[in-house]
């Protein structure tokens with residue numbers, strides 16, 4: 001019986017060295033990858049950003065602020081850290097990680113809105129983006145407090161976290177060998193060549209009485225903490241509400257309660273708040289691929305307008 005147990009354990013443990021090696025290859029390959037959201041995380045951890053102006057926010061930052069245009073007008077080094085699907089609490093946590101590995105920016109352009117900025121969310125967008133960095137205690141804290149079921153096996157057992165992630169395993173191996181996918185973004189920005197879709201029509205149909213944006217008191221406290229932190233560290237904030245298609249504004253209910261928060265923050269801290277909800281871009285679907293997001297044409301027009309608007313404020 002003892003001999004059987006020894007042989008069984010030997011059989012079970014034999015693959016572990018191979019799994020550890022493969023896990024090492026995939027982790028380190030993805031930490032070099034330019035695939036999807038890994039490009040920004042890797043620039044961040046490798047101290048390659050060091051921006052004068054850091055652009056933060058959700059997808060409305062990621063697809064709408066072009067560093068190429070902003071740099072050409074303002075003659076500085078900007079970088080877009082917009083995080084798709086994120087609420088502000090996650091953006092703030094990533095900002096803290098950024099400061100651990102990069103120089104302090106002079107300016108932070110913080111995209112704000114009626115949907116995610118002052119609302120609380122436990123949803124972790126794109127959970128796979130965190131997999132190569134689970135050894136980082138801050139990242140581990142982020143994923144553990146989310147709605148995604150991460151456990152100690154994900155963090156410590158080799159390759160367990162990449163279960164059913166064949167594409168990521170392949171990209172990790174290829175990137176480790178210097179043959180990963182080519183970058184699609186520039187400094188975190190990715191303009192979208194998409195036509196107008198049906199999401200706005202569907203949203204109106206599903207909300208015939210209009211839509212009431214959420215305002216969470218804890219999220220407000222956290223945003224104020226961010227403003228205080230930046231004030232104490234001499235980082236100047238520019239709050240920006242980018243253009244939205246005019247139709248979505250018309251069905252929002254009590255939106256002034258959120259708008260007044262941003263105006264109050266601006267008055268209290270002395271940070272400018274630029275509101276583009278009445279911009280001429282908002283009148284035409286030709287500049288949007290849905291009610292909340294500008295397409296590439298619209299984002300480039302907006303980036304140029306925005307850069308010129310703040311040129312005299314810096």
**Item:** Only listed residue being out of contact with any strand residue (DSSP E or B) (no Cβ under 8 Å at 6 or more places or on another chain) and surrounded by 24 or more Cβ atoms within 10 Å (Cβ to Cβ), chosen from 72, 58, 86
**Value:** 86
**Request:** Scan the stretch 111-118 and give yes if some residue there is at pLDDT 95 or above and more than 30 Å from residue 25 (Cα to Cα), otherwise no.
**Result:** yes
**Complete:** Checked the stretch 292-314 for anything free of Cβ contacts under 8 Å to residues at least 40 places away in the same chain and under 16 Å from residue 55 (Cα atoms); matches are 305, 309
**Complete:** Reported set for the stretch 185-229 where residues are out of contact with any helix residue (DSSP H, G or I) (no Cβ under 8 Å at 6 or more places or on another chain), in contact (Cβ under 8 Å) with a residue 60 or more places away in the chain and farther than 15 Å from residue 88 by Cα is 194, 195, 197, 199
**Asked** Of these, 36, 47, which one is at pLDDT below 95, in contact with a helix residue (DSSP H, G or I) (Cβ under 8 Å, 6 or more places away or on another chain) and not in a helix (DSSP H, G or I)?
**Response** 36
**Prompt:** What number of residues within the stretch 92-121 are more than 15 Å from the chain's Cα centre (by Cα) and free of Cβ contacts under 8 Å to residues at least 40 places away in the same chain?
**Reply:** 2
**Asked** Mind checking whether some residue in the stretch 42-53 is buried (at least 24 other Cβ atoms within 10 Å of the Cβ) and either within 15 Å of the chain's Cα centre (by Cα) or under 17 Å from residue 191 (Cβ atoms) (or both)?
**Response** no
**Prompt:** If you go through the stretch 11-23 one residue at a time, do you hit one that is outside any helix (DSSP H, G or I), modelled with pLDDT under 95, out of contact with any helix residue (DSSP H, G or I) (no Cβ under 6 Å at 6 or more places or on another chain) and loosely packed, with under 12 Cβ neighbours inside 10 Å?
**Reply:** yes
**Message:** If a residue must be within 22 Å of the chain's Cα centre (by Cα), surrounded by 14 or more Cβ atoms within 10 Å (Cβ to Cβ) and more than 13 Å from residue 28 (Cα to Cα), how many such residues does the stretch 157-180 contain?
**Reply:** 3
**Message:** What's the total number of residues in the stretch 126-156 that are surrounded by 18 or more Cβ atoms within 10 Å (Cβ to Cβ) and farther than 30 Å from residue 15 by Cα?
**Reply:** 1
**Prompt:** Which number in (1) closer than 24 Å to residue 32 by Cβ; (2) modelled with pLDDT of 95 or more; (3) in contact with a helix residue (DSSP H, G or I) (Cβ under 6 Å, 6 or more places away or on another chain); (4) surrounded by fewer than 21 Cβ atoms within 10 Å (Cβ to Cβ) marks the one condition that residue 94 misses?
**Reply:** (3)
**Message:** at pLDDT below 95, more than 26 Å from residue 159 (Cα to Cα) and in contact with a helix residue (DSSP H, G or I) (Cβ under 6 Å, 6 or more places away or on another chain): is that true of residue 84 in this structure?
**Reply:** no
**Prompt:** With respect to residue 116, is the statement that it is closer than 19 Å to residue 62 by Cα and in a helix (DSSP H, G or I) true?
**Reply:** no
**Prompt:** Considering the stretch 82-105 alone, what residues qualify as being within 21 Å of residue 63 (Cβ to Cβ) and in a loop (DSSP other than H, G, I, E, B)?
**Reply:** 82, 83, 84, 85, 86, 87, 105
**Request:** Give just the number: which of (1) within 26 Å of residue 172 (Cβ to Cβ); (2) at pLDDT 95 or above; (3) not in a strand (DSSP E or B) does residue 79 not satisfy?
**Result:** (3)
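The values are calculated or read from the model by the stated rules, or taken from the named source; none is laboratory data. What you see is a predicted model, and the numbers here were worked out from it, not measured in a lab. Note: ideal-geometry Cβ built from the backbone for every residue, glycine included; neighbour counts use all protein chains shown.
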